[in-house]
Amino acid sequence: MMATLTKAFKPILGRQLGNTAKVFGAAVNSQRGKPTYPPPAKYGGRHTVTLIPGDGIGPELLNHVRELFRFSCVPVDFEVVHVNSASTSEDDINNAIMAIRRNGVALKGNVETNHTMPPNHKSRNNLLRTSLDLYANMMHCQSLPGVQTRHKNIDIIIIRENTEGEYSSLEHESVSGVVESLKIITRNNSLRIADYAFRLARDKGRRRVTAVHKANIMKLGDGLFLQCCKEVASGYPDIEFDSMIVDNTTMQLVSKPHQFDVMVMPNLYGNVVSNVCAGLVGGPGLVPGANYGRDYAVFETATRNTGKSISNRNIANPTAMLLASCLMLDHLKLHDYANMIRGAILTTMNETRLHTVDIGGQGTTSEVVQSIMRIIQSGGPLTTEI
Amino acid sequence: MAGNAWRSTVSHVMGAIKTQSPLPRTFSRGIQTVTLIPGDGIGPEISTAVMKIFEAAKAPIQWEERNVTAIKGPGGRWMIPPEAKESMNKNKIGLKGPLKTPIAAGHPSMNLLLRKTFDLYANVRPCVSIEGFKTPYTDVDLVTIRENTEGEYSGIEHLIVDGVVQSIKLITEEASRRIAEYAFEYARNNQRTSVTAVHKANIMRMSDGLFLRKCREVAENYKDVKFTEMYLDTVCLNMVQDPSHFDVLVMPNLYGDILSDLCAGLIGGLGVTPSGNIGANGVAIFESVHGTAPDIAGKDLANPTALLLSAVMMLRHMGLHGHAKKIETACFDTIRDEKVLTKDLGGNAKCSEFTADICRRVQDMD
């Protein structure tokens with residue numbers, strides 16, 4: 001409340017009351033340490049969440065999410081914003097960004113990027129992440145009990161810097177036939193992501209944070225990242241800190257994944273490591289991902305696949321998207337609903353008959369969703385009791 | 001049928017003339033001299049093991065040992081000793097053990113120096129599951145071909161303002177074309193069915209876009225090999241779930257580094273993975289990629305498999321397929337038997353016993 005008042009006062013009263021605003025601001029900022037989000041978009045007791053269907057399997061999976069929420073009487077309304085990946089104008093994505101600024105929270109499918117388009121046509125997903133400054137991508141890889149994988153009992157949290165690094169989209173052709181692409185690492189962002197990682201590790205009772213880097217080759221860039229991690233680590237003496245080079249990390253992940261606890265890394269390595277871990281626990285259909293910024297949060301599947309080849313065939317695995325929606329409910333502090341849906345999903349996972357094609361079964365998407373709804377109906381509170 | 005064979009021979013020869021890529025050599029009668037760089041740590045003992053096995057197999061190879069510790073040349077630039085350079089340029093083929101890079105020696109990494117001296121532009125790592133050395137992945141049979149000179153490892157970094165660092169990733173048309181051509185040549189010469197280009201062109205539109213364009217152009221000349229493109233993250237995801245889908249992978253420097261180590265992890269680690277570096281002017285250096293293991297150096301405990309498989313790769317490169325098959329089979333048989341294994345493979349035999357077992361099998365095969 002104070003934060004909004006201060007923000008409102010500043011432009012209206014101008015510089016004369018600048019000092020007052022600074023004092024107010026200081027008073028508010030002194031309780032910084034925990035992230036303070038703007039007031040939620042909650043009208044009449046119901047939250048409003050932006051929904052971006054995206055391409056491929058996104059629309060059908062998000063329809064299932066809406067259906068499930070309606071069935072379970074979850075007090076969330078969705079504001080749907082379509083983003084057309086084929087259009088060259090950035091109006092669509094700007095509308096989506098505006099909607100997310102309005103509502104604070106979003107659930108999205110992946111918007112396809114046609115990489116044969118010219119370089120000024122930027123990836124829509126990347127634009128969204130950088131405009132909203134969603135600096136932390138968090139992915140919790142857990143082996144699900146009913147799923148057969150080569151490695152069992154994996155439990156790794158991956159925190160990936162989401163806005164800079166190799167994804168700065170700064171490229172130029174200085175001489176014909178020679179292209180330079182810039183990878184930017186800044187001290188502020190590295191400190192920020194390291195702080196996020198350690199705070200998360202402490203909140204969840206984790207014991208070790210591993211920084212993944214390639215500082216032996218990129219001495220200045222990844223060297224800066226590693227140095228920032230070490231600085232932040234010194235402020236958390238109860239949590240162990242170590243570092244590992246990215247190629248060794250991937251090798252260790254496929255042979256001994258249980259040595260990892262929490263991992264923090266820059267953007268590109270995060271992409272590689274999160275996909276490797278998703279593969280280890282059973283595939284892209286099982287793991288949810290979350291993108292957190294200071295003021296906004298966007299939830300999606302962890303590996304951000306469009307799944308064009310399996311779209312509209314009723315064979316996509318809805319688990320990742322449904323678990324992402326549970327993460328969103330947790331963020332909105334609707335923990336009871338989140339736990340109810342999550343429990344139903346995990347119970348359904350134990351039923352091998354209902355596994356979809358990607359985890360080795362023959363079930364369809366709708367069968368899985370029906371089963372989840374059945375479990376919620378039999379186990380959840382009846383409407384009259386609420 | 002004959003038309004296709006004729007056309008492919010012509011394009012093969014034309015391609016070879018244009019780019020000077022090494023044609024498989026046949027040394028059916030002559031003895032080929034190979035520069036051997038034993039290296040540090042366990043290097044000397046595993047090199048000796050490989051020499052013994054080659055002797056037992058009666059391979060027509062003569063070894064010329066050279067040392068490559070960097071010396072400061074005229075003008076203050078670090079370089080490898082001139083005898084080593086001369087030997088490599090004369091013989092064109094080299095086998096290298098692990099080299100250590102001392103931290104405060106002042107000279108850059110030895111591997112980097114070798115790479116620059118001989119313009120080793122392609123790093124080839126065939127990863128095949130080894131029967132007898134159990135890993136959770138049993139059906140791996142792929143080859144990673146990595147561009148070795150530019151990309152993210154160009155080493156160009158600047159501190160723009162305090163707290164902001166920029167690293168430059170360089171992709172050039174020439175290097176991309178060269179590596180793509182090598183990949184397709186390799187696929188053709190080794191009867192591989194498809195080549196997959198690994199990229200992230202959705203994010204790095206211009207740089208990886210250029211790499212992809214070059215790969216597509218080169219693919220036009222090799223219609224007998226299937227060409228596909230795949231995003232780096234999709235490759236990682238699928239590799240960990242089902243590695244049997246992949247055949248030959250070609251990619252820029254950083255992705256190659258990560259993926260080749262990932263594949264090495266699938267088959268059992270760096271102790272059993274062969275590797276080869278192909279350079280311009282027909283130079284090729286085959287090496288073991290593990291470390292120098294100073295803690296077990298000199299104790300006869302080392303595992304020579306990585307260097308041995310790299311040497312087998314070398315024989316195939318030279319066209320000596322018969323000897324290559326013999327030695328490789330003997331090595332795999334010894335590992336499959338599980339009676340005489342070194343410590344890292346799960347046994348407790350000595351390096352010399354392991355070597356002797358392989359020599360015995362090779363001799364029995366004749």
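The values are calculated or read from the model by the stated rules, or taken from the named source; none is laboratory data. This is a predicted model, so every value here is computed, not measured. Because the Cβ atoms are built from the backbone with ideal geometry, glycine has one as well, and the counts that use them run over all protein chains shown.
May I ask you to list the residues in region B:37-77 that are surrounded by 15 or more Cβ atoms within 10 Å (Cβ to Cβ), hydrophobic (A, V, I, L, M, F, W, C) and more than 23 Å from B:ALA356 (Cα to Cα)?
B:VAL68, B:ALA70
Would you check if B:ASN123 is surrounded by fewer than 22 Cβ atoms within 10 Å (Cβ to Cβ) and under 21 Å from the mean Cα position of the chain (by Cα)? Steps first, please.
On the way: surrounded by fewer than 22 Cβ atoms within 10 Å (Cβ to Cβ): no; under 21 Å from the mean Cα position of the chain (by Cα): yes.
No, not satisfied.
In region A:258-276, which residues are more than 8 Å from chain B (Cβ to nearest Cβ), hydrophobic (A, V, I, L, M, F, W, C) and within 20 Å of A:ALA320 (Cβ to Cβ)?
If the condition is that a residue be more than 8 Å from chain B (Cβ to nearest Cβ), hydrophobic (A, V, I, L, M, F, W, C) and within 20 Å of A:ALA320 (Cβ to Cβ), then A:MET263, A:VAL273 are the ones that fit.
Of these, B:ASN253, B:ASN189, which one is surrounded by fewer than 17 Cβ atoms within 10 Å (Cβ to Cβ) and within 22 Å of the chain's Cα centre (by Cα)? Even if it seems obvious, please write down each step before you answer.
Numbers: B:ASN253 fails: surrounded by fewer than 17 Cβ atoms within 10 Å (Cβ to Cβ).
Criteria check complete, one pass: B:ASN189.
Between B:VAL218, B:VAL248, which is within 18 Å of B:ILE179 (Cα to Cα), more than 7 Å from chain A (Cβ to nearest Cβ), at pLDDT 95 or above and touching a strand residue (DSSP E or B) at 6+ places or on another chain (Cβ under 6 Å)?
Details: B:VAL218 fails: touching a strand residue (DSSP E or B) at 6+ places or on another chain (Cβ under 6 Å).
None of the others qualify; the one that does is B:VAL248.
Taking the conditions exactly as written (closer than 26 Å to B:ARG146 by Cα, of a type in the set (A, V, I, L, M, F, W, C) and more than 14 Å from chain A (Cβ to nearest Cβ)), does B:LEU270 satisfy them or not?
Working: closer than 26 Å to B:ARG146 by Cα: yes; of a type in the set (A, V, I, L, M, F, W, C): yes; more than 14 Å from chain A (Cβ to nearest Cβ): no.
So B:LEU270 fails the test.
Assigned by the TED database to the domain that holds B:ARG146, in contact with a helix residue (DSSP H, G or I) (Cβ under 6 Å, 6 or more places away or on another chain) and among the acidic types (Asp, Glu): which single residue out of B:ASP257, B:ASP208, B:ASP242, B:ASP247 fits that description?
On the way: B:ASP208 fails: in contact with a helix residue (DSSP H, G or I) (Cβ under 6 Å, 6 or more places away or on another chain); B:ASP242 fails: in contact with a helix residue (DSSP H, G or I) (Cβ under 6 Å, 6 or more places away or on another chain); B:ASP247 fails: in contact with a helix residue (DSSP H, G or I) (Cβ under 6 Å, 6 or more places away or on another chain).
That would be B:ASP257, the only listed residue that is assigned by the TED database to the domain that holds B:ARG146, in contact with a helix residue (DSSP H, G or I) (Cβ under 6 Å, 6 or more places away or on another chain) and among the acidic types (Asp, Glu).
Among the candidates B:GLU131, B:GLU174, single out the residue that is surrounded by fewer than 17 Cβ atoms within 10 Å (Cβ to Cβ) and in contact with a Phe, Trp or Tyr (Cβ under 7 Å, 6 or more places away or on another chain). Give the steps one after another, and end with the answer.
Working: B:GLU174 fails: in contact with a Phe, Trp or Tyr (Cβ under 7 Å, 6 or more places away or on another chain).
From the options B:GLU131, B:GLU174, the qualifying one is B:GLU131.
In region A:323-341, is there at least one residue being under 15 Å from A:ILE158 (Cβ atoms), away from chain B (no Cβ under 14 Å) and assigned to a loop (DSSP other than H, G, I, E, B)?
no
Only residues that are more than 16 Å from B:THR35 (Cβ to Cβ), in contact (Cβ under 8 Å) with a residue 60 or more places away in the chain and among the small types (Gly, Ala, Ser): list them for region B:45-74, please.
Passing the criteria: B:ALA49, B:ALA56, B:ALA57.
Filter region A:90-122 for residues that are within 11 Å of chain B (Cβ to nearest Cβ) and either without any contact (Cβ under 8 Å) to a residue 40 or more places away in the chain or more than 16 Å from A:GLY289 (Cβ to Cβ) (or both) and give the result.
Narrowing region A:90-122 to residues within 11 Å of chain B (Cβ to nearest Cβ): A:110-122.
Across region A:90-122, the qualifying residues are A:GLU112, A:THR113, A:ASN114, A:HIS115, A:THR116, A:MET117, A:PRO118, A:PRO119, A:ASN120, A:HIS121, A:LYS122.
When you go through B:VAL161, B:VAL240, B:VAL198, B:VAL235 one by one, which is the residue that is hydrophobic (A, V, I, L, M, F, W, C), more than 9 Å from chain A (Cβ to nearest Cβ) and under 24 Å from the mean Cα position of the chain (by Cα)? Quick ask: steps written out before the conclusion?
On the way: B:VAL161 fails: under 24 Å from the mean Cα position of the chain (by Cα); B:VAL240 fails: more than 9 Å from chain A (Cβ to nearest Cβ); B:VAL235 fails: more than 9 Å from chain A (Cβ to nearest Cβ).
Of the residues listed, the single one that is hydrophobic (A, V, I, L, M, F, W, C), more than 9 Å from chain A (Cβ to nearest Cβ) and under 24 Å from the mean Cα position of the chain (by Cα) is B:VAL198.
Can you tell which of A:ILE157, A:ILE193 is outside any strand (DSSP E or B) and within 18 Å of the chain's Cα centre (by Cα)?
Criteria check complete, one pass: A:ILE193.
Do we have A:ASN125 as facing another protein chain (nearest Cβ under 10 Å), within 15 Å of the chain's Cα centre (by Cα) and either assigned to a loop (DSSP other than H, G, I, E, B) or at pLDDT 90 or above (or both) here? Quick ask: steps written out before the conclusion?
Working: facing another protein chain (nearest Cβ under 10 Å): yes; within 15 Å of the chain's Cα centre (by Cα): yes; either assigned to a loop (DSSP other than H, G, I, E, B) or at pLDDT 90 or above (or both): yes.
Taking the combined requirement at face value, the residue satisfies it.
Would you pick out the residues in region A:187-214 that are at the interface with chain B (Cβ under 7 Å from one of its Cβ atoms) and touching a residue at least 24 places away in the same chain (Cβ under 8 Å)? Break it down into steps so the answer makes sense when it comes.
Of all residues in region A:187-214, those at the interface with chain B (Cβ under 7 Å from one of its Cβ atoms) come to A:187-188.
A:ARG187 - this is the single residue of region A:187-214 that is at the interface with chain B (Cβ under 7 Å from one of its Cβ atoms) and touching a residue at least 24 places away in the same chain (Cβ under 8 Å).
Test of understanding: among A:VAL83, A:VAL105, A:VAL74, which residue is out of contact with any His (no Cβ under 7 Å at 6 or more places or on another chain), under 30 Å from A:GLY343 (Cα atoms) and not charged (D, E, K, R)?
Working: A:VAL83 fails: under 30 Å from A:GLY343 (Cα atoms); A:VAL105 fails: out of contact with any His (no Cβ under 7 Å at 6 or more places or on another chain).
Within the list A:VAL83, A:VAL105, A:VAL74, the selection yields A:VAL74.
Kindly provide the set of residues from region A:277-300 that are over 29 Å from A:LEU354 (Cα atoms) and within 10 Å of chain B (Cβ to nearest Cβ), ordered by number.
Pass one, region A:277-300, residues over 29 Å from A:LEU354 (Cα atoms): A:291-297.
Result: no residue meets the conditions.
Tell me yes or no: at least one residue of region B:147-168 is in contact (Cβ under 8 Å) with a residue 60 or more places away in the chain and among the hydrophobic types (A, V, I, L, M, F, W, C). Step through it out loud before you land on a result.
In the first step, residues of region B:147-168 are kept if they are in contact (Cβ under 8 Å) with a residue 60 or more places away in the chain; the result is B:147-153.
Filter once more, so that each one left must be among the hydrophobic types (A, V, I, L, M, F, W, C): none.
No - not one qualifying residue is present in region B:147-168.
So that you can scan it fast, the table gives a plain yes or no per residue for (1) closer than 22 Å to B:PRO44 by Cβ; (2) part of a loop (DSSP other than H, G, I, E, B):
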{"site": "B:ILE278", "(1), (2)": "no, no"}
{"site": "B:HIS290", "(1), (2)": "yes, yes"}
{"site": "B:LEU309", "(1), (2)": "yes, no"}
{"site": "B:ALA324", "(1), (2)": "no, no"}
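Go through (1) within 14 Å of chain A (Cβ to nearest Cβ); (2) closer than 30 Å to B:PRO294 by Cα and name the single condition B:ILE171 misses.
Result: B:ILE171 passes all but (2).
Could you tell me whether A:SER255 is under 16 Å from B:PRO243 (Cα atoms), small (Gly, Ala, Ser) and either free of Cβ contacts under 8 Å to residues at least 12 places away in the same chain or within 12 Å of chain B (Cβ to nearest Cβ) (or both)?
On the way: under 16 Å from B:PRO243 (Cα atoms): yes; small (Gly, Ala, Ser): yes; either free of Cβ contacts under 8 Å to residues at least 12 places away in the same chain or within 12 Å of chain B (Cβ to nearest Cβ) (or both): yes.
So A:SER255 passes the test.
Quick check on this structure: which one of A:ASN137, A:ASN153 is buried (at least 17 other Cβ atoms within 10 Å of the Cβ) and not hydrophobic (A, V, I, L, M, F, W, C)? Before you say what the answer is, go through the steps one by one.
Numbers: A:ASN153 fails: buried (at least 17 other Cβ atoms within 10 Å of the Cβ).
The unique qualifying residue is A:ASN137.
Quick test for you: out of A:ASN248, A:ASN314, A:ASN291, A:ASN305, pick the one residue that is surrounded by fewer than 19 Cβ atoms within 10 Å (Cβ to Cβ), among the polar types (S, T, N, Q) and in the same structural domain as A:VAL357 (by the TED database).
Details: A:ASN248 fails: in the same structural domain as A:VAL357 (by the TED database); A:ASN291 fails: surrounded by fewer than 19 Cβ atoms within 10 Å (Cβ to Cβ); A:ASN305 fails: surrounded by fewer than 19 Cβ atoms within 10 Å (Cβ to Cβ).
That would be A:ASN314, the only listed residue that is surrounded by fewer than 19 Cβ atoms within 10 Å (Cβ to Cβ), among the polar types (S, T, N, Q) and in the same structural domain as A:VAL357 (by the TED database).
Cβ-Cβ below 8 Å, separation at least six or inter-chain, first residue in region A:333-362 and within 18 Å of A:SER143 (Cβ to Cβ), second basic (Lys, Arg): which pairs?
What qualifies is A:GLY361/A:ARG353.
Restricting attention to region B:121-158, which residues are in a strand (DSSP E or B), more than 8 Å from chain A (Cβ to nearest Cβ) and among the small types (Gly, Ala, Ser)?
Just the residues of region B:121-158 that are in a strand (DSSP E or B), to begin with: B:121-128, B:141-147, B:151-158.
Pick out the ones that are also more than 8 Å from chain A (Cβ to nearest Cβ) and you get B:121-128, B:141-147, B:151, B:154, B:156.
Those that are in a strand (DSSP E or B), more than 8 Å from chain A (Cβ to nearest Cβ) and among the small types (Gly, Ala, Ser): B:ALA122, B:GLY151, B:SER154.
Looking only at region B:225-247, how many residues end up being among the β-branched types (Val, Ile, Thr) and within 15 Å of B:SER129 (Cα to Cα)?
First, pick out the residues of region B:225-247 that are among the β-branched types (Val, Ile, Thr): B:225, B:228, B:234-235, B:240.
Filter once more, so that each one left must be within 15 Å of B:SER129 (Cα to Cα): B:240.
Residues flagged as among the β-branched types (Val, Ile, Thr) and within 15 Å of B:SER129 (Cα to Cα) within region B:225-247 amount to 1.
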